[in-house]
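Asks: The structure under discussion is supplied below as structure tokens; questions concerning it will follow.
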Amino acid sequence: MTDILQILDETGAKVGKAPRLKRDTLLRMYRAIVQTRAFDERCMNLQRTGKIGFSIPNKGVEATSVGGAAAMDPDTDWIAPHYRDFAMMFYHGISLEGMFDNMFGNCDDNAQGRQMPVHFSFLEPIKWLSISSPLGTQIPNAVGVAVAMKKRGEKGVVLTTFGDGSTSTLGFHSGLNFAGVMKAPVVFLCQNNQWAISCPSSKQTKAKSYAIKGEAYGVPGVQVDGNDVLAVYRAVSDAVKRARAGEGPTLIEAVTFRMGGHSTSDDPSRYVDPKLFAEWEKRDPLTRFRNFLIAEGHLDEEKVTAIAAETADAMMAAARQAESKSRPPLGSIFSDVFAQMPVHLEQQMHACIQHFAQRDEAVDEKGEFPL
Ligand SMILES: Cc1ncc(C[n+]2csc(CCOP(=O)(O)OP(=O)(O)O)c2C)c(N)n1
Ligand SMILES: [Mg+2]
């Protein structure tokens, strides 16, 4: 195991060799981080005012997701994401409205309100497995996709992401083991944000790191500064190169910190020492990258303000648009399972619609989630 990979120090000064990225790509990475933070803020407001049921904050961990996403080629590659990783979608240019349609579970939500908020399902702009709540299940799914692509002779690579707590799941074990044996073209990116809800890393594992866990499966492990978007990009793109060259999987541990609650239902002040927040605030991935981009002449204060303002406006407009749409029709609970709905389901659907119509009761639960 080598030392932790870092390219930008906490002030944004270069301490390692920066990857050769075009200005447009660097700015796209920056915008994706800004968008994720603005999305977080909007969703927190919407949840606190009772308009949506739930959200998952990403403050502090955005660079891990964006650095990983930027290393993937939408023409060939797949992403099998963790739920705290939707910054990846912002990098790849997802429609904001589609994201808010999911947050409101409205009639245009492509899961028709059947999923929890932030559990996005998209087939574009990059091949993306739907986000699932049971931890670690995306890991064997990702390996399956990777093995299938290898068998078909396709050159795609799969990036799968998960949290530190998810390394304690069976999915992590079976996924890494199978990938090691099959030399699958997959990259495992563990977002070590130090917490699994209120369980700290010190109680999650006695291993020296999460990266070291690859060794038992014959999968090389690397540790990277997860608040340094360029270092994450470098680690993931090196692992992608290995995978594409037929050299098998890599496990990357991105060390970062969750700068807020687990979800909008959580109160981190009950278990996180406030000193830790103050300490990690100094390593903020957004400030660090912004300082770097300004020093390199890619950004200036005026542009920084303009990007922040246009992002906040776009979030507000997309959220308003999604909020104004109706809920999915009640009958949609029964659709999409069978091409031809069986008679017994059809009967149940009519009975259900009639039941609510008779009670003159709008289906309007507040939709609060306990997690
Ligand atoms: C298999 C499974 N066990 C338990 C849970 C309940 N649960 C939801 S989130 C969470 C913590 C996950 O921590 P981590 O993997 O570090 O991800 P993070 O939330 O920090 O991004 C737990 C235990 C679950 N969703 N799935
Ligand atoms: Mg975690």
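Asks: Any residue that is farther than 23 Å from residue 188 by Cα and either outside any helix (DSSP H, G or I) or assigned by TED's automatic domain parsing to the domain that holds residue 297 (or both) - is there at least one of those in the range 55-75? Give the steps one after another, and end with the answer.
Replies: Residues of the range 55-75 that are farther than 23 Å from residue 188 by Cα, as a first pass: 55.
In the following step, the residues that additionally are either outside any helix (DSSP H, G or I) or assigned by TED's automatic domain parsing to the domain that holds residue 297 (or both) were identified as 55.
Checking the range 55-75: at least one residue is farther than 23 Å from residue 188 by Cα and either outside any helix (DSSP H, G or I) or assigned by TED's automatic domain parsing to the domain that holds residue 297 (or both).
Asks: Can we say residue 181 is assigned by TED's automatic domain parsing to the domain that holds residue 70, part of a strand (DSSP E or B) and either more than 16 Å from ligand 1 (Cβ to nearest atom) or surrounded by fewer than 24 Cβ atoms within 10 Å (Cβ to Cβ) (or both)?
Replies: Spelling it out, it is not the case that residue 181 is assigned by TED's automatic domain parsing to the domain that holds residue 70, part of a strand (DSSP E or B) and either more than 16 Å from ligand 1 (Cβ to nearest atom) or surrounded by fewer than 24 Cβ atoms within 10 Å (Cβ to Cβ) (or both).
Asks: While we're looking at this one, here's another question. Residue 198 - would you say it is modelled with pLDDT of 95 or more and within 12 Å of ligand 1 (Cβ to nearest atom)?
Replies: Criteria met by residue 198.
Asks: Further question: Being away from ligand 2 (no atom under 16 Å from the Cβ), in contact with a helix residue (DSSP H, G or I) (Cβ under 9 Å, 6 or more places away or on another chain) and farther than 14 Å from residue 69 by Cα is the requirement here; does residue 214 meet it?
Replies: yes
Asks: From the list 143, 187, 147, which residue is part of a helix (DSSP H, G or I), more than 13 Å from ligand 1 (Cβ to nearest atom), of a type outside the set (Gly, Ala, Ser) and within 16 Å of residue 76 (Cβ to Cβ)?
Replies: 147
Asks: Further, regarding this structure: Considering only the range 180-212, how many residues are closer than 18 Å to residue 273 by Cα, among the polar types (S, T, N, Q) and within 19 Å of the chain's Cα centre (by Cα)?
Replies: Of the residues in the range 180-212, 3 are closer than 18 Å to residue 273 by Cα, among the polar types (S, T, N, Q) and within 19 Å of the chain's Cα centre (by Cα).
Asks: Right, another one. For residue 240, state whether it is aliphatic (A, V, I, L, M) and either touching a helix residue (DSSP H, G or I) at 6+ places or on another chain (Cβ under 8 Å) or within 15 Å of ligand 1 (Cβ to nearest atom) (or both).
Replies: Here the answer is no, as residue 240 does not meet what is asked.
Asks: Return the pairs, sorted by first residue and then second, in which the second residue is away from ligand 2 (no atom under 16 Å from the Cβ) and among the hydroxyl-bearing types (Ser, Thr, Tyr), the first residue lies in the range 156-168 and is outside the structural domain of residue 187 (by TED's automatic domain parsing) and within 23 Å of residue 237 (Cβ to Cβ), the beta carbons are less than 6 Å apart, and the residues are 6+ apart or on different chains.
Replies: none
Asks: Right, here's the next one. Determine whether residue 137 is farther than 30 Å from residue 292 by Cβ, within 14 Å of ligand 1 (Cβ to nearest atom) and under 22 Å from the mean Cα position of the chain (by Cα).
Replies: Values: farther than 30 Å from residue 292 by Cβ: yes; within 14 Å of ligand 1 (Cβ to nearest atom): yes; under 22 Å from the mean Cα position of the chain (by Cα): yes.
Yes; evaluated as a whole, the condition is true for this residue.
Asks: State all residues of the range 243-288 that are part of a helix (DSSP H, G or I) and within 16 Å of ligand 1 (Cβ to nearest atom); if no residue qualifies, say none.
Replies: Across the range 243-288, the qualifying residues are 268, 270, 276, 277, 280, 285.
Asks: Here's something else I'd like to know. Condition check: buried (at least 24 other Cβ atoms within 10 Å of the Cβ), within 16 Å of ligand 1 (Cβ to nearest atom), touching a residue at least 12 places away in the same chain (Cβ under 8 Å) and not aliphatic (A, V, I, L, M). Does residue 175 satisfy that?
Replies: For residue 175, the condition - buried (at least 24 other Cβ atoms within 10 Å of the Cβ), within 16 Å of ligand 1 (Cβ to nearest atom), touching a residue at least 12 places away in the same chain (Cβ under 8 Å) and not aliphatic (A, V, I, L, M) - is met.
Asks: So in the range 10-40, with the set limited to residues that are in contact (Cβ under 8 Å) with a residue 12 or more places away in the chain and of a type in the set (D, E, K, R), which one is farthest from residue 106 (Cα to Cα)?
Replies: Among those that are in contact (Cβ under 8 Å) with a residue 12 or more places away in the chain and of a type in the set (D, E, K, R), it is 14.
Asks: So, one more: Give me the residue from the range 150-171 that is buried (at least 24 other Cβ atoms within 10 Å of the Cβ), of a type outside the set (Ser, Thr, Tyr) and more than 9 Å from ligand 1 (Cβ to nearest atom) and, out of that set, farthest from residue 61 (Cα to Cα).
Replies: Top of the filtered list is 157.
Asks: Let me confirm something: among 65, 133, 95, which residue is surrounded by fewer than 20 Cβ atoms within 10 Å (Cβ to Cβ), of a type in the set (Ser, Thr, Tyr) and within 16 Å of ligand 2 (Cβ to nearest atom)?
Replies: Numbers: 65 fails: surrounded by fewer than 20 Cβ atoms within 10 Å (Cβ to Cβ); 95 fails: within 16 Å of ligand 2 (Cβ to nearest atom).
Testing whether each residue is surrounded by fewer than 20 Cβ atoms within 10 Å (Cβ to Cβ), of a type in the set (Ser, Thr, Tyr) and within 16 Å of ligand 2 (Cβ to nearest atom) leaves just 133.
The values are calculated or read from the model by the stated rules, or taken from the named source; none is laboratory data. Model, not experiment: these values are computed from the prediction. Neighbour counts run over all protein chains shown; Cβ positions are idealised from the backbone, glycine included.
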